[in-house]
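Novice: Handing you a structure now.
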Amino acid sequence: MPALVLIGAQWGDEGKGKATDQLGGLVDLVVKFNGGNNAGHTVVVGEQTYALHLLPGGILSPGCTPVIGNGVVVDLAVLFGEIDGLEARGVDTSRLVVSADAHVIASYNCTLDRVAERFLGKSRIGTTGRGIGPTYADKMNRIGIRVQDLFDEKILRAKVDGALALKNQVLVKVYNRKAFTVDAVVEELMAYRERLAPMVADTSLLLNRALDEGKTVLLEGGQATLLDVDHGTYPFVTSSSATAGGACTGSGIGPRRVDKVIGIVKAYTTRVGEGPFPTELLDEDGERLRSVGSEYGTTTGRPRRCGWYDAVIARYAARVNGVTDFVLTKLDVLTGWESIPVCVAYDVDGTRQDEMPMTQTEFHHAVPVYEHLDGWSEDISGAREFADLPKNAQAYVRRLEELSGAPFASIGVGPDREQTLQLRPLV
Ligand code: IMP
């Protein structure tokens with residue numbers, strides 16, 4: 001069996017957690033391939049709600065091996081905090097595997113993330129403040145600390161020493177902060193070594209062998225297409241490759257092993273942090289989407305910016321990821337509107353554009369061209385098949401599908417595992 005990639009098609013928080021969790025029961029391994037604890041998945045299993053930040057969704061599915069791939073940046077305190085939290089609730093986390101090549105978020109990078117944002121003032125990105133950007137920057141700068149370095153203290157010390165030679169200058173001289181000592185950083189990281197040791201593996205080898213044996217691997221992207229460092233709304237993006245291409249580099253498997261690319265798309269749009277957002281609603285409708293959809297960050301608790309469905313973005317996501325199937329989420333949140341606008345194109349300085357504009361300047365000027373679809377008032381949270389949906393809800397879904405560039409495989413009508421209408425199988 002081949003590998004499946006699952007990615008967010010908008011600005012994140014599309015409901016990937018629920019989709020990964022559902023697929024987790026059907027696949028043998030779930031791999032997180034990018035990002036770190038900037039992500040936030042809310043998974044509802046029966047009466048229980050779990051908020052995961054760093055651990056892959058498959059952790060909640062017995063029989064599924066969760067893998068933290070080389071493309072992830074790992075905050076070890078968060079990792080073990082999350083493991084302890086799940087264990088205390090009776091979830092077995094012993095299957096977790098962590099790549100020896102994954103980079104570690106050192107405490108100086110959390111500090112740098114926060115002070116740099118403050119320093120940027122009005123130009124800030126609105127990061128999660130978890131040290132993600134500085135850690136990926138270190139990786140590219142070749143001064144990063146990797147999981148494997150914890151198992152060679154001499155090397156670890158040399159690397160921390162090298163990184164701090166630069167970082168302390170910036171912290172003290174630019175940001176007026178206290179310097180970090182090599183001893184304190186090394187001691188902090190080494191404290192996790194013993195617990196980490198049994199989880200660490202060559203995950204590229206493990207995944208390729210699993211695929212050779214006919215196992216199914218789900219590669220789960222953190223954040224989303226428009227937060228991707230290459231394909232997102234740069235510079236208002238995260239620092240990793242959140243699109244389907246990142247699934248290969250972030251896990252160590254070749255692109256020819258990927259059979260399906262599943263794009264998760266919400267029936268409306270949200271974004272956290274700064275940056276352009278053409279369909280954003282700053283009125284009562286936006287407030288209503290936020291409160292009905294509980295649109296508050298899982299990681300930071302920040303209220304999410306809300307707006308109507310943007311089909312230009314969905315088509316763009318279909319294109320840059322090669323989406324084979326879309327999973328539409330949170331359709332139930334739209335119940336009760338008489339008419340629902342859907343953005344089908346942009347007006348950019350008087351010119352209609354049906355595709356994502358080439359430049360960021362144009363995207364900042366993009367004004368949505370809306371098509372108005374009829375709404376529905378019936379409660380749809382109990383629907384289990386497409387035919388159970390009111391006619392107008394069916395028409396809304398079908399129109400979105402026509403506009404979005406790939407077929408819809410399932411529709412979410414509530415947070416629970418059961419509140420899903422399956423249109424075609426994903427695995
Ligand atoms: P960073 O990933 O903390 O560097 O933040 C960069 C941008 O990505 C900010 O706008 C964040 O709000 C956004 N971001 C990061 N992770 C997520 C996520 O899981 N969902 C939504 N937005 C995110």
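The values are calculated or read from the model by the stated rules, or taken from the named source; none is laboratory data. Since we're looking at a predicted model, the values are computed, not measured. When we count neighbours, we look across all protein chains shown, and the Cβ atoms used for this are built from the backbone with ideal geometry, even at glycine.
Novice: For the range 1-16, how many residues are in contact with a helix residue (DSSP H, G or I) (Cβ under 8 Å, 6 or more places away or on another chain) and more than 10 Å from the ligand (Cβ to nearest atom)?
Specialist: 8
Novice: Right, something else. So which helices (runs of 4 or more DSSP H) are wholly in the range 151-246 and hold at least 2 residues that are within 19 Å of GLY133 (Cβ to Cβ) and more than 23 Å from the chain's Cα centre (by Cα)?
Specialist: 153-169
Novice: GLN169: among the polar types (S, T, N, Q) and either over 23 Å from LEU79 (Cα atoms) or within 16 Å of the ligand (Cβ to nearest atom) (or both), yes or no?
Specialist: yes
Novice: Shifting gears a bit: Here are LEU328, LEU289: which of them is modelled with pLDDT of 95 or more and either within 14 Å of the ligand (Cβ to nearest atom) or outside any helix (DSSP H, G or I) (or both)?
Specialist: LEU328
Novice: Can you tell me how many residues in the range 256-265 are within 16 Å of the ligand (Cβ to nearest atom) and surrounded by fewer than 17 Cβ atoms within 10 Å (Cβ to Cβ)?
Specialist: Adding up the residues that qualify gives 0.
Novice: When residues of the range 286-305 are filtered for being aliphatic (A, V, I, L, M) and surrounded by 20 or more Cβ atoms within 10 Å (Cβ to Cβ), how many remain?
Specialist: Of the residues in that region, 1 qualify.
Novice: State yes or no: is ASP21 buried (at least 18 other Cβ atoms within 10 Å of the Cβ), charged (D, E, K, R) and in a loop (DSSP other than H, G, I, E, B)?
Specialist: no
Novice: Further, regarding this structure: Take residues that are in contact with a helix residue (DSSP H, G or I) (Cβ under 7 Å, 6 or more places away or on another chain), within 22 Å of ARG315 (Cα to Cα) and charged (D, E, K, R) and tell me which of the strands (runs of 3 or more DSSP E) falling wholly in the range 331-427 contain 3 or more.
Specialist: Those strands (runs of 3 or more DSSP E) do not exist here; none qualify.
Novice: Restricted to the range 306-325, and to residues that are within 16 Å of the ligand (Cβ to nearest atom) and over 25 Å from LEU54 (Cα atoms), which residue is surrounded by the fewest Cβ atoms within 10 Å (Cβ to Cβ)?
Specialist: That would be GLY307.
Novice: Quick one: how many residues across the range 25-52 are part of a loop (DSSP other than H, G, I, E, B) and within 16 Å of the ligand (Cβ to nearest atom)?
Specialist: Number of matching residues: 7.
Novice: Looking only at the range 65-96, which residues are of a type in the set (A, V, I, L, M, F, W, C) and either over 15 Å from PRO198 (Cα atoms) or surrounded by fewer than 21 Cβ atoms within 10 Å (Cβ to Cβ) (or both)?
Specialist: Result: VAL72, VAL73, VAL74, ALA77, VAL78, PHE80, ILE83, LEU86, ALA88, VAL91, LEU96.
Novice: Moving on to the next point. What is the one condition in (1) of a type in the set (A, V, I, L, M); (2) outside any helix (DSSP H, G or I); (3) in contact with a Leu (Cβ under 7 Å, 6 or more places away or on another chain) that VAL261 does not satisfy?
Specialist: (3)
Novice: Okay, next question. I need every pair where a residue in the range 266-282 that is away from the ligand (no atom under 14 Å from the Cβ) and modelled with pLDDT of 95 or more has its Cβ under 8 Å from the Cβ of a residue that is among the aromatic types (Phe, Trp, Tyr) and not in a loop (DSSP other than H, G, I, E, B), sequence separation at least 6 or different chains.
Specialist: Going by the 8 Å Cβ cut-off, the qualifying pairs are ALA267/TYR309; ALA267/TYR396; TYR268/TYR309; PRO278/TYR346; PRO278/PHE363; THR279/TYR309.
Novice: Which of the residues that make up the range 30-58 are at pLDDT 90 or above and surrounded by fewer than 24 Cβ atoms within 10 Å (Cβ to Cβ)?
Specialist: Hit for the range 30-58 is HIS53, nothing else.
Novice: So, in the range 122-147, how many residues would count as being within 14 Å of the ligand (Cβ to nearest atom), farther than 20 Å from GLY301 by Cα and not in a helix (DSSP H, G or I)?
Specialist: Qualifying residue count, the range 122-147: 0.
Novice: From the residues in the range 89-107 that are small (Gly, Ala, Ser) and modelled with pLDDT of 95 or more, which one is farthest from ALA184 (Cα to Cα)?
Specialist: SER94
Novice: Are any residues in the range 305-325 touching a residue at least 60 places away in the same chain (Cβ under 8 Å) and either within 17 Å of GLY375 (Cα to Cα) or assigned to a strand (DSSP E or B) (or both), and if so, which ones?
Specialist: Answer for the range 305-325, where residues must be touching a residue at least 60 places away in the same chain (Cβ under 8 Å) and either within 17 Å of GLY375 (Cα to Cα) or assigned to a strand (DSSP E or B) (or both): TRP308, TYR309, ASP310, ASP325.
Novice: On to the next question. Which residues, counting only those in the range 292-304, are touching a residue at least 12 places away in the same chain (Cβ under 8 Å) and more than 10 Å from the ligand (Cβ to nearest atom)?
Specialist: VAL292, GLY293, GLU295, PRO303
Novice: Then there is this: Evaluate the range 109-129: report whether one residue or more is at pLDDT 95 or above, among the aliphatic types (A, V, I, L, M) and surrounded by fewer than 15 Cβ atoms within 10 Å (Cβ to Cβ).
Specialist: There is no residue in the range 109-129 that is at pLDDT 95 or above, among the aliphatic types (A, V, I, L, M) and surrounded by fewer than 15 Cβ atoms within 10 Å (Cβ to Cβ).
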